[in-house]
Structure formats: structure tokens, C-alpha cells
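Values quoted throughout were computed directly from the atomic coordinates according to the rules given, and no laboratory measurement underlies them. What you see is a predicted model, and the numbers here were worked out from it, not measured in a lab. When we count neighbours, we look across all protein chains shown, and the Cβ atoms used for this are built from the backbone with ideal geometry, even at glycine.
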Amino acid sequence: MLLSGCASVRYYGHVVHGEASLLLARRPIPEVLDDSRTPPALARRLALAEQARRFASARLDLPDNRSYTSYVALDRPYVAWNVFAAPRFSVEAVPQCFPIAGCVAYRGYFRESLARQRAESLRKRGLDVWVSPVPAYSTLGWFADPILSSMMRWDDDELAGTLFHELAHQQVYVKGDTAFNESFASFVEREGLREWRASRGLPPPDGRDQAIEHGFTARVLALRERLRRDYARPGDAEAMARRKQDDIVTFRHDYAAWRDRDFPGDHRYDAWVAAPINNARLLPFGLYDQWTGAFAALFAQVDRQWPAFYRAAAGIGQLPSAQRLAALQALAGKGADAGEAATTGSSG
């Protein structure tokens, strides 16, 4: 910290203060449930979260610790804000590196004003910037993370799934490989949610929402790839800026055509598409599901046994980056082949 300058010292001081404030504000969930001042709607959600937390350890073999056994009522709508940055003519993130988490694509702030200040300083350097609100996060088991009031806006499935996702980060985490970490946690979230619903006598999650999410993500990733190719083409800054805007306009037209054709009447992503789009705003897409197919194939390989799955995933995570990438690509190929075989078989 001392070698990285006063600004870094101030940043880490802010993070320590923000985390400490959360930890000091924690209340055990049973205490909140026994409090007559707790609104009934909040009590119901916390009771459900408590059940999902026990299910995570008992049935999904996720860490059995004090994480997500307490509650914090925030004085703000989100717990933190992440600042993403990318060069004006590149879709690669300006990396942010930390002692424990390694290098990631963003820097988080507990105060929105500080996030906005950071974003403005990066913008003045000519970078594309995006500030994203954060309703939940994980300290990777270093602290007993609480359930936050910002998580209460979600429906029951998203609340339970988020607990599975964040606990998965405590189970397996590869320093500096965001796509691996988020894809792994997203797979645990989705499969865990399927098992959680089955344990409660509920059908699997509605596939329509997932299909819409995947379809939209695919189109954003296609835009990012078009931009990547156009930035690599010869031309001055004016030409690249013009191609950038043309690609974004084409994306908006393609999105509207896809929405009206495949999901008429569903406008959940309209506001995102209509808002200003830059390279930084595209960065989070793909991180959460790039390798979910690979992890699904790995889960099938170990006969859907959670302990064996975690050991196998941790083993891949310990490989050098090039070998880790090759292993994930091989698994993804097997998953795609299995999906194609299943589709072919069902149509005959």
C-alpha cells in the first residue's frame, strides 16, 4: 500500500471503513425475526433466506459458516458501486489489481459519491467509464458476510440463488480469473436453485426468463465482438468513432427485431438498450456465463456429486492459465456435444 501512493492508501482506508461498518451493523437473523418491530414481509423473506442458507450447506455442500446468517438494514439503496473502465477504442477492461482478489475488471466503492469521483477522473483521461450498483457481494469467507436490505428487492428465487452464488465463491476461487469464478458461481447458483425448488415441491425455474437473458447477452457479446474487429481496422480516431456509433446503432436495431420476433411484449431490456452505450458498459457481459456449460459438463462427469464437483473444479483452477483455459474449452465442447445429441435424440 505504501508503495502504491496516497490515493491507494485512501482507497483501502475507505474499503476497511465500509466493511467494518457493515460488520458492526449485523444482527443475527433469529434476533430480527423475534423483534416485534420487524415488518411481516421482511420477516417472511428472512425466514426463507434462513432456510435456503441451511439448504446450501446441507444439500449443496457449500461452506457451513456464519456467512449470511445475519442481516443489515442499509441506509442506501445499494451496498456498493463498481467502476468499470476501458479505452475509448478497446473492449478490454483497464484492470484493477488487489492483494487478495487479484486483478478484476472493476473497482468497488461503498460510497456512490466516491465511485462517481473515480469515474470522472477516469473519464478525463479519455477512458470509457460505467458505474454499476451492487446489491450483494462476497468477501470470499474472510468475514461473515450478512444478508443486506438491498437483496430484499429480489424475488424468492433470486434471493436464494444469490446466497448459493456468493457461497460458491467461498468454495472455489481463482485469483485473477473473473470469468472462471463467476461462471463457476453462476452454475452453482442455477443448479442449486433447481435442487432447492425441487426440495420444496416446486417445478424447475421458468426457462423463458433464462432464454431471454441468454438471448440478450448473446447480442451484447456480438456487439462487443463487432467493436473489437472494427477497432483493429486501419483508420484514425474519427473513423473509429464513426464505426463505433454505427455498430451501436446496428445493435439497437437488431435487438428490437429480436425482441419483437421472439419475445413480443417483453421490454425488460429496453431501458438498458436506450441508455448511452460505451465499451465499459459492455465489460460485465459474458463473465457470468462464459464457462457455465463447461461446469455443467464437469458436474455430469462426477455423477452430479457436489463434493467431487468442487474438488474437480478446484483442480482445474489450480492449473496454469493456459492449461486452465484448455480444460474449460474441452469441457465446454463436451457439453455442447451432449446438448446437440440430446436435441437430435428428442427430435427423432
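When the helices in the chain are scored as -39500 (n - 2.57) per DSSP H run of 4 or longer and the sum is shared across all residues, what 222 nm value do you end up with, to the nearest 500 deg cm²/dmol?
Values: 13 runs with 206 residues, N = 348.
The helix contribution divided over the chain gives -19500 deg cm²/dmol.
Is segment 69-111 rounded, prolate or oblate when judged by the Cα gyration tensor, a ≥ b ≥ c being the square roots of its eigenvalues, rounded requiring a/c under 1.5 and prolate requiring a/b larger than b/c? List each step's numbers first, then the result.
Numbers: a/c = 3.92, a/b = 1.91, b/c = 2.05.
Here segment 69-111 falls in the oblate category.
Give the residues of segment 171-202 whose amide nitrogen is closer than 19 Å to a point set 7 Å from the Cα of ARG304 in the direction of its Cβ.
186-202
Fewest first, what order do ARG116, ARG107 take by the number of other Cβ atoms within 10 Å?
Numbers: ARG116 15, ARG107 22.
So the residues, fewest neighbours to most, are ARG116, ARG107.
Please go through segment 17-93 and write out the trypsin sites (Lys or Arg not before Pro) that DSSP classes as loop and that have at most 12 other C-beta atoms within 10 Å.
On the way: sites: ARG26, ARG37, ARG44, ARG45, ARG53, ARG54, ARG59, ARG66, ARG88; in loops: ARG26, ARG37, ARG59, ARG66, ARG88.
The qualifying sites are ARG37.
If one computes the Cα centroid of segment 62-82 and of segment 218-261, what distance in Å separates the two points?
37 Å
Can you list residues whose amide H is under 5 Å from CYS103's amide H, if they're 5+ apart or on another chain and H is modeled 1.01 Å from N?
Amide H to amide H, under 5 Å and 5 or more residues apart or across chains, CYS103 pairs with PHE98, GLY176.
Give the long-range amide H neighbours of ILE147: residues separated by 5 or more places, or on another chain, with amide H under 5 Å away, using H modelled in the peptide plane at 1.01 Å from N.
Close amide H contacts, sequence-distant or interchain: TYR68, THR69, SER70, TYR71, VAL72.
Out of the trypsin sites (Lys or Arg not before Pro) in segment 203-295, which ones are loop residues according to DSSP with at most 13 other C-beta atoms within 10 Å?
Working: sites: ARG208, ARG219, ARG224, ARG226, ARG228, ARG229, ARG242, ARG243, LYS244, ARG252, ARG259, ARG261, ARG268, ARG281; in loops: ARG268.
Answer by residue number: ARG268.
How large is ³J(HN,Hα) for each residue in segment 124-141, as worked out from phi by the Karplus curve 6.51 cos²θ - 1.76 cosθ + 1.60 (θ = phi - 60°), to whole Hz, x for Gly and Pro?
Running phi through 6.51 cos²θ - 1.76 cosθ + 1.60 with θ = phi - 60° gives 5, 7, x, 8, 6, 9, 9, 10, 10, x, 10, x, 7, 7, 10, 9, 6, x Hz.
Which whole-Hz ³J(HN,Hα) couplings does segment 163-178 yield from phi under the Karplus relation 6.51 cos²θ - 1.76 cosθ + 1.60, θ = phi - 60°, glycine and proline marked x?
Calculated HN-Hα couplings, in order: 4, 4, 4, 5, 5, 4, 4, 6, 6, 9, 8, 10, 4, x, 10, 5 Hz.
Find how much the distance from ASP254 to ALA239 grows on full extension, using 0.36 nm per residue of separation minus their present alpha carbon separation; answer in nm with one decimal. It would help to have the intermediate numbers written out before the result.
Working: separation 15, 0.36 × 15 = 5.40 nm, distance 2.25 nm.
Full-extension gain reported as 3.2 nm.
Return the sequence-ordered ³J(HN,Hα) values of segment 210-220 in whole Hz as given by the Karplus equation 6.51 cos²θ - 1.76 cosθ + 1.60 applied to θ = phi - 60°, using x for Gly and Pro.
For segment 210-220, the Karplus curve yields 5, 5, 5, 4, 5, x, 5, 4, 4, 6, 5 Hz.
Among LEU33, VAL249, SER8, whose Cα projects farthest towards the positive end of the dipole of the chain, with charges put on the beta-carbon of Lys, Arg (+1) and Asp, Glu (-1)?
Positive-end residue among those listed: SER8.
Test of understanding: ordering PHE55, PHE180 by Cβ neighbours within 10 Å, fewest first, what list do you get? Kindly include the intermediate steps, with their values, before the conclusion.
Details: PHE55 19, PHE180 24.
Ascending Cβ contact count within 10 Å gives the list PHE55, PHE180.
Need one number: nm distance between label points at ARG59 and PHE143, each 7 Å from Cα along Cα→Cβ, rounded to one decimal.
My value for the distance between the label points is 3.1 nm.
Tell me which label goes with the value of log10 I(q)/I(0) by the Debye sum over Cα atoms at q = 0.06, 0.13, 0.15 Å⁻¹ computed from the coordinates here: (1) -0.20, -1.02, -1.39; (2) -0.24, -1.22, -1.57; (3) -0.25, -1.05, -1.30.
Identified label for the calculated read-out: (2).
Might you report the magnitude of the Cβ-based charge dipole of segment 2-154 about its Cα centre, with Lys and Arg at +1 and Asp and Glu at -1, to the nearest 20 debye?
Working: 20 positive and 13 negative charges, 85 e Å.
Dipole about the Cα centre, nearest 20: 400 debye.
Hey, for a label at ALA222 modelled as a point 7 Å past Cα toward Cβ, could you say which residues of segment 243-264 have their backbone N under 15 Å away?
247-263
Just for the chain, what percent of DSSP beta bridges are antiparallel, to the closest 5?
On the way: 16 of 18 bridges.
If we restrict to bridges inside the chain, about 90 percent are antiparallel.
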